[in-house]
1. Tally the residues that are at pLDDT 75 or above and over 22 Å from Met92 (Cα atoms), restricting the search to segment 1-17.
2. Considering each of Lys30, Lys37 in turn, give the residue that is modelled with pLDDT of 95 or more and over 14 Å from the mean Cα position of the chain (by Cα).
3. When residues of segment 73-123 are filtered for being among the aliphatic types (A, V, I, L, M), closer than 28 Å to Gly11 by Cβ and in contact with a helix residue (DSSP H, G or I) (Cβ under 6 Å, 6 or more places away or on another chain), how many remain?
4. If you go through segment 78-94 one residue at a time, do you hit one that is over 21 Å from Gln17 (Cα atoms) and over 12 Å from the mean Cα position of the chain (by Cα)?
5. Report yes if Asp20 is at pLDDT below 95 and not hydroxyl-bearing (Ser, Thr, Tyr), otherwise no.
6. Looking at (1) over 30 Å from Phe29 (Cα atoms); (2) in contact with an Asp or Glu (Cβ under 8 Å, 6 or more places away or on another chain), which is the one condition that is false for Asn113?
7. List the residue pairs whose Cβ atoms are under 9 Å apart, where the first residue sits in segment 115-134 and is within 21 Å of Gln50 (Cα to Cα), the second is open to solvent by less than 70 Å² (accessible area, probe 1.4 Å) and at pLDDT below 70, and the two are 6 or more positions apart or on different chains.
8. Looking only at residues in segment 63-78 that are free of Cβ contacts under 8 Å to residues at least 60 places away in the same chain and not small (Gly, Ala, Ser), which one is nearest to Glu32 (Cα to Cα)?
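The values are calculated or read from the model by the stated rules, or taken from the named source; none is laboratory data. Just so it is clear, the model here is predicted, and its values are computed rather than measured. Here the Cβ is made from the backbone with ideal geometry for all residues, glycine too, and neighbour counts use every protein chain on show. The area values use the complete protein model at the heavy-atom level, side chains included, leaving out ligands, DNA and RNA. Shrake-Rupley method; radii C 1.70, N 1.55, O 1.52, S 1.80 Å.
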Amino acid sequence: MADIAVPKNRGFPDFKQEYDKCLDFLKGFKSESGGFKYMNALQSVANREQATIEIEIDDIKDFKDDLDFSSNVANNAHTYTEMFSKAIDVLMPEADKQVDLDVHDVLQNHRMNNAVEGGAFAEEVVTPPELPRR
């Protein structure tokens, strides 16, 4: 693991900017082979080929050499786990191949049908982003 230095700015980071950095990192980080490492991982999750996204602190450190960002992530993992989770929810692509339904899909469809039968329009039924996570 790379050494993480203490950032010069000892105040609280601007979390909107930090969230934008999470989005930028996930969309833009390229592996050594030149592929978009985390966007490819998101597609694998969408296709149900893998279940988790593991973000490496060394990748964060290497991306744009932003020492403050990598240090903030290392020193406040809980907050940044939530931030990256929200960014992943926004960036998650649709599956690009046929996937089999599992129990989560059945329960989510049942929840949607119950809401619609109760008088809600399908567009009005909001599924919390935590529910589709597997």
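1. Here the count works out to 4.
2. Working: Lys37 fails: over 14 Å from the mean Cα position of the chain (by Cα).
Exactly one residue qualifies, and that residue is Lys30.
3. We begin by selecting, within segment 73-123, every residue among the aliphatic types (A, V, I, L, M); these are 73-74, 77, 83, 87-88, 90-92, 95, 99, 101, 103, 106-107, 112, 115-116, 120, 122.
Filter once more, keeping what is closer than 28 Å to Gly11 by Cβ: 73-74, 77, 83, 87-88, 90.
Remaining after also requiring in contact with a helix residue (DSSP H, G or I) (Cβ under 6 Å, 6 or more places away or on another chain): 73-74, 83, 87.
Looking only at that region, the number is 4.
4. Initially, segment 78-94 is screened for residues over 21 Å from Gln17 (Cα atoms), giving 93-94.
Now drop any that are not over 12 Å from the mean Cα position of the chain (by Cα), which leaves 94.
The answer is yes; a qualifying residue exists.
5. Numbers: at pLDDT below 95: no; not hydroxyl-bearing (Ser, Thr, Tyr): yes.
Judged against the criteria, Asp20 is not a match.
6. Tallying (1) over 30 Å from Phe29 (Cα atoms); (2) in contact with an Asp or Glu (Cβ under 8 Å, 6 or more places away or on another chain), Asn113 fails exactly one: (2).
7. Between residues of segment 115-134 that are within 21 Å of Gln50 (Cα to Cα) and residues that are open to solvent by less than 70 Å² (accessible area, probe 1.4 Å) and at pLDDT below 70, there is no close pair.
8. The first filter runs over segment 63-78 and keeps only residues free of Cβ contacts under 8 Å to residues at least 60 places away in the same chain, leaving 63-66, 69, 73, 76-78.
Applying the additional criterion that residues be not small (Gly, Ala, Ser) yields 63-66, 69, 73, 76, 78.
On the way: Phe63: 12, Lys64: 15, Asp65: 16, Asp66: 19, Phe69: 21, Val73: 22, Asn76: 27, His78: 28 Å.
The selected residue is Phe63.
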